[in-house]
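Below: the structure, in structure tokens.
The values are calculated or read from the model by the stated rules, or taken from the named source; none is laboratory data. Note that the structure is predicted; figures quoted are calculated from it, not measured. Using ideal geometry, Cβ is built from the backbone for each residue, glycine included, and neighbour counts are taken over all protein chains shown.
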């Protein structure tokens, strides 16, 4: 909860929310009810403050590498990402699962409604990644994403006070079904396939899943990853 110590900050965020709402209405976009502005501003400020704490902790968390690497034998690596298409008031999330040989098991790209923050979109992408791994009956899984704040929040044992706390709670609950599960933050250069597939969601009507051949441009990136 945001305390009285942050009155100036909550006022500034509320003013921004009202300004953003006015602009959205001007362009005919969906807007939040005026009665929700106070709670929305409070949630956004909580998320910002939490992110500052996470960033301070993340200084000591090493980036694994700058190019994607296959997992050890017996594990599957699941990369996820989100992309924002502001002019369309739309976002896209993507998941790609590969085995220890670097071969793609399955990939998924899907458009979703635009969330209030990028971090929330990344959390949604992570949840879909966990669900897809569970749907494929995988047991030993490594999840990688390029949002340090989201990965840190998932790894923490404390209650989540951000606007996407319920999504993180879902993730923590779902991963209990795996025999072995790990989460890592990676540099964006390790997440290129996920990033490109997320951007493809802009052209999709619904969810698209590939179990065999990938789109040519994505297949080329996969080939680059394992060389």
Could you please let me know if residue 130 is in contact with a helix residue (DSSP H, G or I) (Cβ under 8 Å, 6 or more places away or on another chain) and within 20 Å of residue 106 (Cβ to Cβ)? yes
Go through segment 72-119 and give me each residue that's assigned to a helix (DSSP H, G or I) and modelled with pLDDT under 85. 86, 87, 88
Condition check for residue 129: touching a strand residue (DSSP E or B) at 6+ places or on another chain (Cβ under 6 Å), crowded, with 22+ Cβ neighbours inside 10 Å and in contact (Cβ under 8 Å) with a residue 40 or more places away in the chain: yes
Does segment 18-38 contain any residue that is over 22 Å from the mean Cα position of the chain (by Cα), at pLDDT below 75 and closer than 25 Å to residue 160 by Cβ? yes
